[in-house]
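Asks: Mind looking over this structure? Questions follow.
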Amino acid sequence: MSAVLGLQKVELFKGLDSASLRDIALQCKWTRCRKNQYVIRRDGSERDVYFVISGLVRVGVTTGYARSIILRDVAAGDMFGEHSAIDGRRHFADALAVRESLVASMPPEAFRAILANHTSARERLLRRLTGSIRELADRVLELGGRRVQGRVWAELVRLARTAQSASSAGGNSARIERAPTHYEVASRVGTSREEVTREFSRLARQGLLARQGRALIIRDLAALEALVADTLPRHEAPPAEPAEEWRRPAGVGAQRQRRAILVADALDAAGMMERDEERALRRWRDFFVHATAEVIPTHAGRSLSRTLGDGFLAEFPDAVQAVQCAFELHEHLARSNPASGAPPLGLRIGIHVAEVIVETFNVLGDGVQVAARLAELANAGETIGSETVRDQLTSGIEASVEDLGEQRLRNRERAVRAFRLWPAARGATATPSAAVRAHGRPSVAVIPFQLRTDDSRFSFIGDGLADETIAALSRVADFFVTSRLSTMAFRRAPLGARSIGEILGVQYVLSGSVQTAHPRALFMAELADTRDGRIVWSERFEGDLMDVFAMQGELARKVAQSMAPVVRSIELHRARITNFDQLDAYGITLRGVELMHRLAREDFLAARQAFDTAIARDPVSPAPHAWLAKWHVIRVALGISDNAAQDFAAATACAGRALACDAENALALAVDALVEAWSRHDLDAAEKRLAQALAANPNEALAWLHSGITHAWRGRGAEAVQCADHALSLSPLDPMMYYFDSLAGMANLVAERYDRAIELSLRSLRENRLHTPTLRTIAAAMVLSGRPEEGREAMSRLRELEPGLTVSVLRARYPGRDSPQAARFIAALEAAGLPA
C-alpha cells in the first residue's frame, strides 16, 4: 500500500486507479539513496527509467575541464531516464541525489507496456517530452543570445516563479527557500561562480535582491522581469493557419464504432469579433490550443478540429471521459475569464454517445449532429448530455444530473431526452443517518472486483463476486452493509478508500481484482480502513473458474473476523452460481431494472423484454421474476395499465415464481409485499412479507423502503420516516434514487413534515420527471403547507402525464385507502385541482 501511495505522487500516473498502481508497483525496484550518491552514471549500461518518490535528484554532466553543467533538478513526483528507456541508448547525463531520496525504477519493457496500456500516461509523457524540447530550445537561445547578466536574471526569475507556485503566493516579491549556491547557478547558466557573485552583489545594491540566512528574497519581481525582457531576441509570431471545414466525405477504411461525441460551441463569437477582433481572436486561439493539445488528450479523447472556428469537435471512448473533459474546459474558462479584463468567453457543450463513422481524421454521422444540437440547448458554462450519456454516469460520483425531459432539437423530427450535467458536489453526498450511526456496528462497502481479462465470457464476474460477498456479509448481524447498487457506482470511478468512505459513510471498503487464465482464476481481496486508508487485511485465492464462488463463504468469514473479532463464526448461507450463463442473466436483469425506472414508454416496454430474456436464460433465479412482478405493479401505479386486474394477476404470479425459486430471498419477499399491498390492499400480508424479508437480509434496502411506504399507507408517519431514512442510508447512491426519494417524500408527507417531503420529491423529480407519484406527493404537500398555487402547478404537470387520473380512480387503486391519512391526502389533491 505504501508503494501505491508513493506512485500516486508521480505526475505521469495521475488519474490511474489503485489496482493499476499496484500492478505498476510490482514492476518497480525501490532504492533509498544517500545525499551525494549517484543514482545513474552516463557511462553505465542500464536503461531503466526512474521516478522520484521523495527527495531531490540533480541531472547534469561534467565536462573535460571538471566543469559541471546542471541540466535540471528532479523533485518528488517527477521522473528521469525516460529517453534511454524509449530509444535503448545510454543515458546522456548523470543523476545525483542532492538530498536523501527514495526512487522507484523499472526496466524499459515495463515502461513501454504502461505507455501502451494507459492513454493518460502516454499523453502526459508526450507533453513532457515536447516541454523538454522547448526548454532546451530556450536554454540554447539564452546561451547564444543573452549576455551573462541576462542569463543570471532569467534564472532568478525562474526560481522566484517556482517558489511562488509552490507556496501559492503571488504579488511582486518572492522568497526562495534553500536557494542554490552561486556555483550551482553558474552551472545552470553556463558561466563562472565569480560572475554570479558579482551580479548578485549588483542586484543587492539596486535593492532588487536580499539574502536572509539560506533564503533569497526577490524584492521587485516586476523590475527583474523587465530587465530580462530587454535581453530577449526579437522574433515575429508565426502566421495563423488557414481556415478549413470540420467534416470531409467518408474515406476508405472508415468504420462504425460507438463513441462519445463532444461538441463545444462558443457563444456570441461574432459579437466579440465585432467589438474587439484582435483580443477575441487571441483569447479564443489560446483556449482552443489549450483544449485540443492538453485537456482533450488527457481524457483519452481525440480532437477533430484542426482550425479555429466558433467551436470544436472531439470524440472519446466513453461518456465518463467526455463529461470529465467538459467539466475541465468549463473550469479553465471560469479561472481565466476574470483575469482577462475583458467580456467573458462563453462555452456551451453537448455530448452524445452513438454509433458513428470513424475516420482517421474525422467522425461523421447522425450522432455528431445530435451532440451539436444538444449544445444549442445549453447556456454559457453548461453541459447537456443525451440519455445514452446519462446511462454511463453515476449521479453523485461522475456528475450531478438534472432531467430536462423530452426536448425538440433543431431540424430533427424525434424528440431527445436531455440531461443537464455539472460536477458532483462531494460535500452534499448522502451519509448514514444519526440513528444508523448510533448502533455502533462496523459498516462495510464491497466494491465490484476489478476484472483483469479480455475474455467476454467472464465480464460479469467482478459484479457477481461483489453481490455474493454482500449477501454473505449481510447474514452477519454485526455488520452494516451498503447496498450493492450503491457500491457498483464505484466500478469505474478511480477513488481511494477514504473518498469512498466519505461518500458512503462507511468505515471499511472491501475491494480486489480477478485475473483469469482459463481454467484457473486468481482472486486478490483487501480490506481498507477508510479513516486513514490503511489496508487492514488482504488475501489471495486460487481455484477453478467453475467453482470459485464456493470461496465466498471463506472470504466473508475472514472479512468479518478482521472487522469485528468478537463476532462469532457462523455458517454463511449463500447462493451458488454454477455456470456462466447465469452471469449473463444477472447483467440482463440489471439492465432491465435500469430501463424500467426510466419510465419512458419505449424503455419501459424494453424492460419487460429484458426480464423475459433473463428468465429464459436462468429460470431458477428469483431476481428477474421479482423485478417483472414489480414491473406490472408500476404499470398500475403510474396509470398506464390497460387492464389493472390483468396486471395484478401477472404480478402475483411472477412474485409467486420468485418465492418458489428461493423462499428466503429478501428481494423476492419485498416485492411480494408490494404486490399484496397494491393488488389486494392487504397491508397485513404485506407487513408479514416485509418482516420475513428483513429477517432474511437485514440490509435489503428495498425491504426497508417498502416497509416505510407500508407504514405510510397505514398512517404511521414516524415509523414510515424511520424506515425510509434507513433505506436511504443503506443505498445512498442507488441507480433508482429517484424512487427512494419519492417514497421517502410520501413518508414525510404522512408524518406532516411537509418541507422535507417537498425537498425529497423535488430531488426525485430532478432525477426523473416522468414519475407521477412524486408529483402527487408534491401537489398534496404544497396544499397542506399553505402553498396552494404551487400545488396547482404540480397538479397541472401531473395531469399532463396522467390525464385519466381522478379522485375516484386514485381512491380505487390506492393501497392505503382505508387509513385515516388517505382522506387528508386525497382532499389535498382535490384542492390542488384533481377532478372527482
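Asks: So what is the relative contact order for region 311-406, in percent, with contacts set as C-alpha pairs under 8 Å and at least six apart?
Replies: Over region 311-406, the number comes to 29 percent.
Asks: What list of whole percents do you get for P(r) of region 1-92, with Cα-Cα distances grouped in 5 Å bins up to the one holding the largest distance?
Replies: With a bin width of 5 Å, the distribution comes to 3, 12, 20, 24, 20, 12, 6, 2, 1, 0.
Asks: Moving on. Calculate the length of the line joining the C-alpha centroid of region 270-292 to that of region 171-189, in whole Å.
Replies: 37
Asks: Averaged per residue, what accessible area in Å² does region 122-211 show with a 1.4 Å probe, protein chains only?
Replies: 56
Asks: For region 320-425, give the share of DSSP beta bridges that are antiparallel, in percent and rounded to the nearest 5; count only bridges with both residues there. Walk me through the numbers on the way to the answer.
Replies: Working: 13 of 17 bridges.
The antiparallel fraction comes to roughly 75 percent.
Asks: Counting only other residues whose beta carbon sits under 12 Å from that of N411, what net charge do I get with K and R as +1, D and E as -1?
Replies: Details: positive: R373, R408, R410, R412, R414; negative: D366, E376, E413.
Around N411, the surrounding residues sum to +2.
Asks: Report the percentage of all Cα-Cα pairs in region 51-154 whose separation exceeds 18 Å, rounded to a whole percent.
Replies: 60
Asks: If you roll a 1.4 Å probe over the heavy atoms of the protein chains, what accessible area per residue do you get for region 26-120, in Å²?
Replies: 52
Asks: Sorted by accessible area (1.4 Å probe), largest first, how do H352, H83 line up?
Replies: H83, H352
Asks: Further question: Excluding V185 itself, calculate the net charge of residues whose Cβ lies under 11 Å from the Cβ of V185, where each Lys or Arg counts +1 and each Asp or Glu counts -1.
Replies: Around V185, the charge tally is 0.
Asks: Radius of gyration and Dmax for region 616-681's Cα atoms, expressed in Å?
Replies: Spelled out, the Cα radius of gyration and Dmax of region 616-681 are 11.2, 33 Å.
Asks: If you build the Cα gyration tensor of region 628-748 and take the root of 5 times each eigenvalue, what three semi-axes come out, in whole angstrom, biggest first? Mind showing how you got there, number by number?
Replies: Details: eigenvalues 88, 56, 36 Å².
Equivalent-ellipsoid dimensions as semi-axes: 21, 17, 13 Å.
Asks: I need the shape label for region 698-787. Rule: rounded when a/c is under 1.5, else prolate if a/b > b/c, else oblate, with a, b, c from the alpha carbon gyration tensor.
Replies: oblate
Asks: While we're here: Ordered by residue, what ³J(HN,Hα) values in Hz, to whole numbers, does region 87-100 give under the Karplus form 6.51 cos²θ - 1.76 cosθ + 1.60, where θ = phi - 60° and Gly and Pro are x?
Replies: Computed from phi, the couplings for region 87-100 are 9, x, 8, 5, 5, 8, 8, 8, 10, 10, 6, 6, 10, 4 Hz.
The values are calculated or read from the model by the stated rules, or taken from the named source; none is laboratory data. Worth saying up front: this structure is predicted, and the values here are computed from it rather than measured. Note: ideal-geometry Cβ built from the backbone for every residue, glycine included; neighbour counts use all protein chains shown. Each accessible area value is taken on the protein alone, full model and side chains, heavy atoms only, with ligands, DNA and RNA left out. Shrake-Rupley method; radii C 1.70, N 1.55, O 1.52, S 1.80 Å.
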